[in-house]
Amino acid sequence: MFSYSNIVEDLVIERLINSNGEHIPVIITGDACECEDLEKCIKELGGVVKHKLPIINAVAAYIPPVGVRSVAREKTINKVHFDDMVFKLMDVASVTVASDYANEHGLTGKGVTVAVVDTGVHPHSDLTTPNNRIIGFVDFVDKKTTPYDDDGHGTHVAGIVAGNGFSSQGKYMGIAPDANIVGVKVLNKDGGGNISDVIAGIQWVIDNKQRYNIKVMTLSLGTKAKVSYREDPLCQAVDKAASHGITVVVAAGNSGPEASTINSPAISPNTIAVGACNDRTAKIPSDCKIADFSSRGPTPDGLKKPDILAPGVNINSLSNKGNGYHSLSGTSMATPIVAGCAALLYENNGNLTPAQVKRMMTESCVNLGYGSEVQGAGLLDIKDIMNRSNISPQPPRKVPQDRQQSSKGIFSIFDGWFFVILIVILILIL
């Protein structure tokens with residue numbers, strides 16, 4: 001019955017079999033046609049177009065079951081994918097992260113923009129004070145125009161990348177505390193969303209790369225990998241971003257410790273796939289243990305993933321409630337640590353390619369003693385990256401040993417004059 005199964009993804013066929021006539025969400029990629037041709041075809045079949053996705057020459061649409069069968073027979077159609085759900089990649093629980101060495105030597109991500117493709121970004125004071133570093137925002141869920149985050153996941157991620165610790169007096173500071181953030185909301189208040197919304201968000205990032213100087217895109221989200229990265233629409237989208245000079249950092253997934261659990265789009269070789277380790281009880285970096293939930297390779301193509309590890313257990317970062325903080329765990333939390341590191345590298349050299357950034361990171365790791373399909377190259381080591389990459393750090397910034405004492409001296413002068421003036425006023429009154 002389904003002789004066109006090589007064109008239609010298995011999940012779509014499953015929906016057809018169990019369909020009661022309702023429209024099916026799909027992503028249709030074209031071969032020898034443009035998006036406008038696909039759009040016209042879908043409308044003629046009674047479908048509704050959701051997104052045009054030119055970066056992968058596709059459209060996302062809702063089409064009736066009979067339309068799926070008809071569109072699959074079109075010679076210009078390459079593949080009919082199910083527009084599946086993607087989810088934030090988060091476990092539960094808390095840790096502070098630091099990049100003191102790089103920050104103290106002058107690398108803070110200044111002038112570099114990181115796109116956070118997630119649940120949104122709340123205007124927390126650590127991102128808006130003293131200067132508002134949320135320089136762009138787009139919402140593919142509710143179409144709002146001002147920054148917000150009704151889930152909190154994206155705000156937590158943004159804080160790990162670029163929080164400056166304003167509300168915690170520097171205690172909870174991100175990796176690149178002077179970097180700019182662009183919020184791209186593709187996940188709803190429950191932390192879920194469709195693949196097509198994520199692709200539309202990635203397309204927006206590519207289109208606005210020059211406008212905002214976007215060098216890095218971080219995606220702490222994913223969906224189960226079902227096919228080769230060459231056929232996966234989400235992977236095709238991140239590959240296009242990489243080809244436009246954007247370093248794409250992606251969460252490996254929280255489906256460990258089983259093998260072959262790397263999520264899409266982390267299965268793409270053109271991403272930096274990040275797994276999570278636990279550094280809470282480690283005295284030195286080499287004592288860190290892989291987080292049990294961190295997904296393992298290989299990928300459907302037999303590629304060794306993840307690419308790298310970063311701390312992802314009990315990470316303290318920004319809350320979407322006021323200007324507070326809270327802790328979360330997951331490869332979602334490890335991913336922005338690596339994204340923040342990429343921002344530091346781009347601040348030092350804005351002409352780096354995504355491949356060069358990835359190589360610099362994977363060549364500078366601490367071996368934790370696991371296989372490459374568990375730890376990748378190992379634990380991220382920012383200091384070693386700086387040393388290996390011939391980065392000429394500035395001398396450590398000199399901070400007064402006792403700022404409070406200095407300010408106290410200033411106020412004591414005014415306190416003395418205050419009492420003199422007060423006495424003069426009392427004498428005049430009396």
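Amide hydrogen proximity for T113: with H placed 1.01 Å from N in the peptide plane, the residues at 5 or more positions away or on another chain lying under 5 Å are N180, K215, V216.
For the options N18, N132, N270, a Gaussian network treatment of the chain with springs between C-alpha atoms closer than 10 Å singles out N18 as fluctuating the most.
Arrange L187, L53, L45 by Cβ neighbour counts within 10 Å, fewest through most, would you?
Least crowded to most crowded, the residues run L45, L53, L187.
Antiparallel beta bridges, as assigned by DSSP with both residues in the chain, represent about 55 percent of the total such bridges.
Between the alpha-carbon centres of region 311-350 and region 199-272 there is a gap of 17 Å.
Would you mind calculating the gained length between H244 and T76 on full extension (0.36 nm times residue separation, minus the Cα-Cα distance), in nm to one decimal? Net length gain for the segment: 57.8 nm. The string of couplings for region 181-192 from the Karplus curve (6.51, -1.76, 1.60, θ = phi - 60°) is 10, 10, x, 10, 7, 10, 10, 7, 5, 9, x, x Hz, one whole number per residue in order, with x for Gly and Pro.
Derived scalar couplings between HN and Hα for region 126-138 equal 5, 10, 10, 10, x, 10, 6, 9, 8, 8, x, 7, 9 Hz in order, rounded to whole Hz, by the Karplus curve 6.51 cos²θ - 1.76 cosθ + 1.60 (θ = phi - 60°), x for Gly and Pro.
Between A343, A225, A266, the Gaussian network model of the chain with springs among Cα atoms under 10 angstrom shows the greatest mean-square fluctuation at A225. Take every Cα pair under 8 Å whose residues are at least 6 apart in sequence, average their separation, divide by the length of the chain, and the relative contact order is 16 percent. Give me log10 I(q)/I(0) at q = 0.10 Å⁻¹ for the chain, Debye formula, one equal scatterer per alpha-carbon, no solvent. The calculated log intensity ratios at q = 0.10 Å⁻¹ are -0.68. Adding -39500 (n - 2.57) for every DSSP H run of four residues or longer, then dividing by how many residues the chain holds, sets the calculated 222 nm ellipticity at -9500 deg cm²/dmol.
Comparing P298, L127, V249 along the charge dipole axis of the chain, the residue lying farthest to the positive side is L127, per the Cβ-charge model. Here's how it looks for L53: its modeled amide H is under 5 Å from those of A58, V59, A60, which are all 5 or more places away or on a different chain. Pairs spanning more than 19 Å between alpha-carbon atoms, out of K43/K185; K144/K189; K185/K304; K143/K189: K43/K185; K185/K304. One quarter of the surface of the convex hull around the alpha-carbon atoms of region 10-83 equals 4.2 nm², the direction-averaged projected area.
The share of Cα pairs per 10 Å bin across region 246-397, counted from zero up to the longest distance, runs 12, 41, 34, 12, 1 percent.
Convex hull volume of the C-alpha atoms in region 205-309, normalised per residue: 105 Å³.
No solvent, one uniform scatterer per C-alpha: report log10 I(q)/I(0) for region 97-162 via the Debye equation at q = 0.13, 0.14, 0.17 1/Å, two decimals. These q points yield log10 I(q)/I(0) values of -0.39, -0.44, -0.63.
The numbers here are math on the coordinates, done by the rules we state, and not lab data. Everything numeric in this text was worked out from a predicted model, so none of it was measured. Note that each Cβ is placed from the backbone with ideal geometry, even for glycine, and that neighbours are counted across all protein chains shown.
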